[in-house]
Every structure is written in structure tokens, then in C-alpha cells.
1. Go through A:180, A:141 for me and flag whichever is assigned by TED's automatic domain parsing to the domain that holds residue A:211, crowded, with 19+ Cβ neighbours inside 10 Å and without any contact (Cβ under 8 Å) to a residue 60 or more places away in the chain.
2. Can you tell me which residues in region A:234-253 are of a type in the set (D, E, K, R), open to solvent by 40 Å² or more (accessible area, probe 1.4 Å) and either closer than 29 Å to residue A:187 by Cβ or within 16 Å of RNA strand B (Cβ to nearest atom) (or both)?
3. Would you be able to tell me the number of residues in region A:193-208 that are near RNA strand B (Cβ under 10 Å from one of its atoms), among the charged types (D, E, K, R) and open to solvent by 50 Å² or more (accessible area, probe 1.4 Å)?
4. From A:348, A:420, A:400, grab the single residue that is open to solvent by less than 20 Å² (accessible area, probe 1.4 Å) and more than 14 Å from RNA strand B (Cβ to nearest atom).
5. Between a residue in region A:98-111 that is in the same structural domain as residue A:41 (by TED's automatic domain parsing) and any residue that is open to solvent by 80 Å² or more (accessible area, probe 1.4 Å) and outside any strand (DSSP E or B), which pairs come within a Cβ distance under 9 Å, given they are 6 or more apart or on different chains?
6. Considering region A:351-383 alone, what residues qualify as being surrounded by 13 or more Cβ atoms within 10 Å (Cβ to Cβ) and hydrophobic (A, V, I, L, M, F, W, C)?
Amino acid sequence: MADVHLPKGMRDILPQQMILRQRVISTIQQVFLRYGFAPLETPAMERIETLTGKYGDEGDKLIFRVLKRGEGGQQGEVDQALRYDLTVPLARVIAMNPQLPMPFKRSQVQPVWRADRPQKGRFREFYQCDVDTVGAPVGLADAECIAVVHDCLLALGFTDFTIRLNHRRWLAALALAVNAAEREGELIVAIDKLDKIGRDGVSRELLGRGFTQGQIDRVWELLDGAPLAGSEQALAELDQVEALALAMGVDRQRLLRDRTLARGLDYYTGPVFETVLTDGGLGSVSGGGRYDGLIGMFCGREIPAVGVSLGLERLIVLMEERGMLGGSSSATRVWVTVFSDETLPASLAAVSAFRQAGVPAEISLAGGKLGKQLKAADSRGVPFAVVIGPDEAAAGTVKLKDLRSGEEQVLSLSLAIDQLGAAS
RNA sequence: GUGGGUAUAGCUCAGCUGGUUAGAGCGCCAGGUUGUGGCCCUGGAGGUCGUGGGUUCAAACCCCAUUACUCACCCCA
């Protein structure tokens, strides 16, 4: 093998896989459009100061930095970085385009980069499918984020998933109530692991981090439902968002209030949500929340916003494992063989006619024996082949072969076009 | 950032306590079948055993280093 390598955590996506991938993206984008989230794209790179300080310490460390072009390479100076998510670039766009009508809804399906250690379902370059609503207060817009994720997963064929819902200010109140307001982050990180390491595990971790047994006991009381001072408004907002999401058609079974859901990113200020497959085991496939303070960091004017992101890579890994990516792995419907120089014009006429009729068609470029040509079509996943030998050319017909069943029929070109246009 | 695992043909891997020409399946090419793929049969091409050092009469195998990939932790989509 030639001594060439891909950068760590990055992959080529070959055509056969790309076909399936585009179907998934297209399904998601159709749902986005049904909700009125119009597409937006932003550059792969942002200026470094646009990204830093938005995600928290852990996040900042994972920002993929880019050496300053042309100079400073030796010293490792950076002034740009690959985007870490799609939310911060959106906030920048909003700040730079004050003329946009509010509320502003947009979708964005683009890769993001994180300088993480790769593992299963985790890559350094991966696509997020993001929707955000800017300029709308807590309520309908948050519920729409939940509903759109719900509908995307259903459209892709997932049924067993749970959208967990919590509120950042409830967690802040929790931290305050146990006299750990300045250690909210640590507290949150620990209790977020509840479903993974259990109560004992969380207690042990909190002890290890220097929390007292008294604080820990109080945390459990509050998580178990004891009244929490200062959390009334947050809870009312969650009630409202939950009710609206249900009214929008979200299945009650799939929406779960969870006081331990935290979300890692610093910029969240209100309701936060995350989706896990109940039979999954790949971490979350979607995450989001309200970030009322982020845009203000760019333009000085506080503009409320809420958004959610689907992790395309993880969805595809899971769909592959579960055989949910059906259908042909080729976009080409019919493979036109070339029998000989004499019949080449007839084959060319056929392939052109298919293409003009909107039927994706390829002509055998490499030639060779008929069997080899059929094999070429089959191995590419093309469902049909057309053979035009001397007999068919003389009669003005084509032989259409279903490569899956092996059935053949001789018919006119226009009938063949009708058949392929209609058949699925 | 922390801890494991792996690296041998295009792909997936086997290769015993070191032993002489390094194997299999799949794929590829050719033929069996000059108008038919998948199944079957026959033959063929294809490997500096990741890289660099060391030990040894002898290294794919042992030791050291290095690089790459990968899995898990942290965190995340």
C-alpha cells in the first residue's frame, strides 16, 4: 500500500456510502423546511476570537486551530480556527446582519471540527444538522426545536428514543441551594453522569471533588423533588415548553423531564434538551438549548435564541448497524451495455433517451465482453441493464434486464423508459 | 489530557516454544461459456511482514524506540 494516511479522526466518504448519506440528509432537510427553517451556510473557518470563550474550558481546548497563514508557523501563532459548532457562527451572522427580520429561523447542515480523540461514533470532522430560532422568547420556539428533532428521527425510521428536557437555571438554583454557586459546573458534570455511574458513583465523584456529605445529601433531596427556592420560573418555563411541544404532536412517551440533564456548553441559559436512543449506547444523537446571552457577546444587544443539533455521523452509524439504510446504493437506474462498434450508436441513443427522460443512466465505458459489462453494473448496485445486440438494433428494440431477478424482456425504447420511470 | 489494543496481499485475517520458497477466504485478472452478471470449476497476478534500531547462526515472531490507526475514560453530536 502506498504510504498515505488520512488525518486522525477523518474519513473519506465513497460514492456508494455518499448516496445513502445524501438520502439521510435530504430527509432531515425536508423536515427542517416543513418547519420553515431556511438553509444557511457559513465558512469553515472563523477568527479565533469568535470561537474562544463560548464553550467552556473543555470545549475551548478542543477547538481546531489553524496556523496563521504565511507567517508565524514556527511560533505556532493562530488567528483562525475551524468551526466547533454551528451555533456560534450563527450568532456572529446575526450580529453582522441586523437587518434580518426577527424572529429569524435557519437550518444549517455542515461539517464541524473538534480536536478530540476519535472513537466509535466520534470523529474529528463530522456533520451537524442544526436548526435555530433567533429573536423569540422562551416558549414556542423551544417547543419547535423539540418537535423538529422528534419528527426528524421518526422520518429516519427511529422509534425508540427519548428527548430529555431540563433547565439551566434550575441547575443554577440547585448549586446556589447547596452553597456551591461558584462550582455549578463541577456539580453539573457530576450529576450528569447519573444514568452512567449511578447514585453511588455520583456521590463518590462529588466527595472526590471536595463536596461535603451534607451538600451531597441536600443535592439528592432536591433532585428527588424537594422544593427548590429560586427555581419557580424555570420550572414554569419547562411546563410551558413541554405543553407546547406536546400540542405540536410530540409523543408524550418520548419527552422526559430530567433534572440531571446538564449539557456541557457554557452558552446555554435556559431550557436544554438532548436525545438518546433508548436502546442506543452511542451517547446522544441530538442536543440543544436556549442561549439568550451568546449573540450579545458579539453585538452588545441581548437577543434571545434557541437551537438544536442532530449528529449526522452518529445517526448514520446507528442506521448502518440496524440495517435502516435500505435501497440501492447507486443513483444510476440503468446500465446500458455496448455490444459492438456496430451497435454503439443504438446504445448511445438509448442512454441519451433515458437521460432526457430523467432516468439516471450510464453507458458502459470500459466495454469488454457482455458478461463483464453486466457484472460491472451489478457490482455497482445498478438495478437494471439494457442490452442492444445486432438483433435488437435491427428490430429497433432493446432488451431490458432486471439484474436482481434476472428477468429479461424485449421491448421498445420508449416502453423501457416508461417502465424505469415508473418502477421503484 | 489518561489508559488499553492493533499494524502480515486491494479487503478481512491466520502464521505454534524464533528455523530455510509467508498462507487462507473474499476481491481482482484470464479461461471453462465469441449474446448475459450472481452459483460452480481451473489457472494467474499481487507481500521491502508499518518504520528504525537491537538480540541471535537464524526474526513476521523476542527487546527498545517511533509512527499510524483504533477502543475506552474525560468530554461531546
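The values are calculated or read from the model by the stated rules, or taken from the named source; none is laboratory data. All values derive from a computational prediction rather than experimental measurement. Note that each Cβ is placed from the backbone with ideal geometry, even for glycine, and that neighbours are counted across all protein chains shown. Heads up: the accessible areas ignore ligands, DNA and RNA and are worked out on the full protein's heavy atoms, side chains in. Shrake-Rupley method; radii C 1.70, N 1.55, O 1.52, S 1.80 Å.
1. A:180
2. A:239
3. Summing the residues that are near RNA strand B (Cβ under 10 Å from one of its atoms), among the charged types (D, E, K, R) and open to solvent by 50 Å² or more (accessible area, probe 1.4 Å) in region A:193-208 gives 2.
4. Testing whether each residue is open to solvent by less than 20 Å² (accessible area, probe 1.4 Å) and more than 14 Å from RNA strand B (Cβ to nearest atom) leaves just A:420.
5. Partner pairs satisfying both residue conditions: A:98/A:301; A:107/A:33; A:108/A:41; A:109/A:41; A:110/A:41.
6. Once the filter is applied, which keeps residues that are surrounded by 13 or more Cβ atoms within 10 Å (Cβ to Cβ) and hydrophobic (A, V, I, L, M, F, W, C), region A:351-383 yields A:351, A:353, A:354, A:357, A:359, A:361, A:363, A:370, A:374, A:376, A:377, A:382.
So that you can scan it fast, the table gives a plain yes or no per residue for (1) away from RNA strand B (no atom under 15 Å from the Cβ); (2) modelled with pLDDT of 90 or more:
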| residue | (1), (2) |
| --- | --- |
| A:5 | no, no |
| A:26 | yes, yes |
| A:33 | yes, yes |
| A:38 | yes, yes |
| A:59 | no, no |
| A:79 | yes, no |
